[in-house]
Amino acid sequence: METNLAEFDSKTSGDRTVMQLLYGLHTLAWFSGGVFAVIALIVNYIRRSTESDALYIDHHNYMIRTFWWTLLWLVVLSPLWLLLFLPGAIAYGVVWLWYLYRCIKGWVRFNQHQPS
């Protein structure tokens, strides 16, 4: 699915910078204990509510979905920490890799002017 580049060009460099920053915050979230992700999530919701460009809305939705699915998996897998350290660490490691993959994939697709 191609995006109308004429619509994309109407965005300012500031709009693109905000999206780059949001993807960066989501990508680095694990190193902040999730604080960066929560900040980015709040900005995603605020920016999405006033956005008119379909590509930007799609990427905001993508980041929001990625956050909530990650949180769900962390909650569902948290009992594994009770078994011993290793099962919980492995499960959280897999979730972290999935989250990192989603962030990088979305970021690359945004830079290619493609929907998530």
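The values are calculated or read from the model by the stated rules, or taken from the named source; none is laboratory data. Just so you know, these numbers come straight off a predicted model, no measurement behind them. Cβ coordinates were reconstructed from backbone atoms using ideal geometry, including for glycine residues, and neighbour counts include every protein chain displayed.
Odds and ends about this structure:
- Filtered residue count, region 41-99, keeping only those that are of a type in the set (Phe, Trp, Tyr) and farther than 30 Å from residue 12 by Cα: 7
- Boolean, residue 46 is surrounded by fewer than 13 Cβ atoms within 10 Å (Cβ to Cβ) and at pLDDT 95 or above: yes
- Residue list for region 101-116, restricted to those being surrounded by fewer than 16 Cβ atoms within 10 Å (Cβ to Cβ) and either assigned to a helix (DSSP H, G or I) or under 10 Å from the mean Cα position of the chain (by Cα) (or both): 101, 104, 105, 108, 111
- Selection count, region 61-72, where residues are touching a residue at least 24 places away in the same chain (Cβ under 8 Å) and not polar (S, T, N, Q): 3
- Conditions (1) more than 16 Å from residue 103 (Cα to Cα); (2) modelled with pLDDT of 95 or more; (3) among the polar types (S, T, N, Q): number failed by residue 20: (1)
- Checking residue 93 against (1) out of contact with any His (no Cβ under 6 Å at 6 or more places or on another chain); (2) in contact (Cβ under 8 Å) with a residue 12 or more places away in the chain, the condition it does not meet: (2)
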